[in-house]
Amino acid sequence: MLAEHMTWEEYRDVITKNLIILPVGSLEQHGPHLPLNVDVVIPTSLAKMVSEKMDVVVLPTIAYGYKSHPTSGGGQLFPGTTSLNGITLIHLMLDILRETYRHGGRDFLMLNGHYENIAFVNEAVEIFAHEVDDAKVVTLCWWDLVTDELVDEIFAEAGFPGWDTEHAAITETSLMQYFAPELVREDKIIDDQSERKPAYSIFPAPEDIIPKSGVLYKATYASREKGQKLAKQVVDAIVQIAHQEF
Ligand code: ZN
Ligand code: MN
C-alpha cells in the first residue's frame with residue numbers, strides 16, 4: 001500500500017480506486033530524547049496502521065514542514081529544525097495533489113503530524129479544490145482525533161497543558177516508544193517547561209518562552225502503553241472518517 005514500493009502498473013491499478021493518504025511532517029527538534037523526525041514517524045506509522053484495516057495508497061511522507069513556533073515546537077533556533085517557508089510548503093503539497101490527480105487519484109486524506117503545518121495544508125487543499133470539481137480532500141491533525149476521555153486518562157497525573165504545549169512530551173514520546181522504540185533515548189527523557197507562556201507571539205522570540213531542552217512539557221509521564229492506546233484510537237477514528245466521507 002506504500003506508493004513508493006509499487007511498480008507503475010500496480011500504482012495505476014489502485015490509484016483511481018483507493019483513498020490516498022499523504023502524511024505531512026517536519027524536521028524539527030524534539031528534545032534530547034527524540035529524533036528530528038518525530039513528526040514524520042508518527043503520521044507515517046498511523047497511515048501504515050490504517051492500511052492494515054482498509055485499502056489505501058500511502059504516498060511518501062513530506063519530511064519537512066512549516067517553521068517551528070517557540071511555544072509549540074521550540075522555535076527555529078535549535079540545530080536541526082529545518083523548515084520551509086509557507087509558500088514553499090503550499091506549492092509542494094499542491095504539486096503532489098495535482099500530479100496524483102493527473103494519474104487518476106480523486107480521494108485524498110492529508111494526515112498532518114506537525115502543529116504549525118495545518119493552515120498551509122488547508123491552503124494548498126483550498127487552492128486544489130478550486131481547480132478540480134471531482135476530487136475530495138479531508139485534512140486532519142492526529143491529535144484532534146484523541147477523545148476527551150483518553151486525554152483525561154493519559155494526563156490524569158500530569159495535567160493536560162493543551163496540544164500546542166504537548167511537544168516532545170507525553171503523547172509524542174509515548175507514540176515514539178510504541179512505533180520506534182529504537183529511536184528513543186530512554187535515559188534522556190526529562191520534564192521541562194518554559195518560564196512563561198504568553199498568549200501572544202513575539203518576534204524575535206525572547207529566551208524565557210523557550211525551554212533550553214526543547215521539551216515543552218512532562219515527557220517522563222510517557223509510556224509505550226499510552227502510545228499504543230493513542231495509536232489505536234487515532235487509527236480507528238481515521239478509518240471511521242474514511243468510511244463516512246468517501
Ligand atoms: Zn512533534
Ligand atoms: Mn512539530
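Among the helices (runs of 4 or more DSSP H) contained in the range 85-167, which hold 1 or more residues that are in contact with a strand residue (DSSP E or B) (Cβ under 8 Å, 6 or more places away or on another chain)?
86-102, 118-131
Can you tell me how many residues within the range 37-53 are near ligand 1 (Cβ under 10 Å from one of its atoms) and either assigned to a loop (DSSP other than H, G, I, E, B) or open to solvent by 10 Å² or more (accessible area, probe 1.4 Å) (or both)?
3
What is the one condition in (1) surrounded by 17 or more Cβ atoms within 10 Å (Cβ to Cβ); (2) not in a helix (DSSP H, G or I); (3) not basic (Lys, Arg) that residue 71 does not satisfy?
Single failed check for residue 71: (2).
Go through (1) in a loop (DSSP other than H, G, I, E, B); (2) surrounded by fewer than 17 Cβ atoms within 10 Å (Cβ to Cβ); (3) of a type in the set (Asp, Glu) for residue 182 and report which single condition fails.
(1)
In the range 203-246, what residues are in contact (Cβ under 8 Å) with a residue 60 or more places away in the chain and part of a loop (DSSP other than H, G, I, E, B)?
Of everything in the range 203-246, those that are in contact (Cβ under 8 Å) with a residue 60 or more places away in the chain and part of a loop (DSSP other than H, G, I, E, B) turn out to be 205, 210, 211, 213, 214, 215, 216, 246.
Looking at residue 79 and the list (1) more than 18 Å from the chain's Cα centre (by Cα); (2) open to solvent by less than 10 Å² (accessible area, probe 1.4 Å); (3) within 16 Å of ligand 2 (Cβ to nearest atom), which single condition is not satisfied?
All conditions pass for residue 79, except number (2).
Within the set of pairs 6+ apart or on separate chains, which have a first residue in the range 112-130 that is more than 16 Å from ligand 2 (Cβ to nearest atom), a second that is open to solvent by 60 Å² or more (accessible area, probe 1.4 Å), and C-beta atoms under 9 Å apart?
Matching pairs, first to second residue: 124/91; 124/92; 128/98; 129/136.
Name the residue that is farthest from ligand 1 (Cβ to nearest atom), counting only residues in the range 54-76 that are within 20 Å of residue 231 (Cβ to Cβ) and touching a residue at least 60 places away in the same chain (Cβ under 8 Å).
Ranking the qualifying residues of the range 54-76, first place goes to 54.
The values are calculated or read from the model by the stated rules, or taken from the named source; none is laboratory data. As the structure is a prediction and not an experimental result, all values here were calculated from the model. For neighbour counting, all protein chains shown are included, and Cβ atoms are generated from backbone atoms with ideal geometry for every residue, glycine included. Surface accessibility is based on the protein's heavy atoms, side chains included, excluding ligands, DNA and RNA. Shrake-Rupley method; radii C 1.70, N 1.55, O 1.52, S 1.80 Å.
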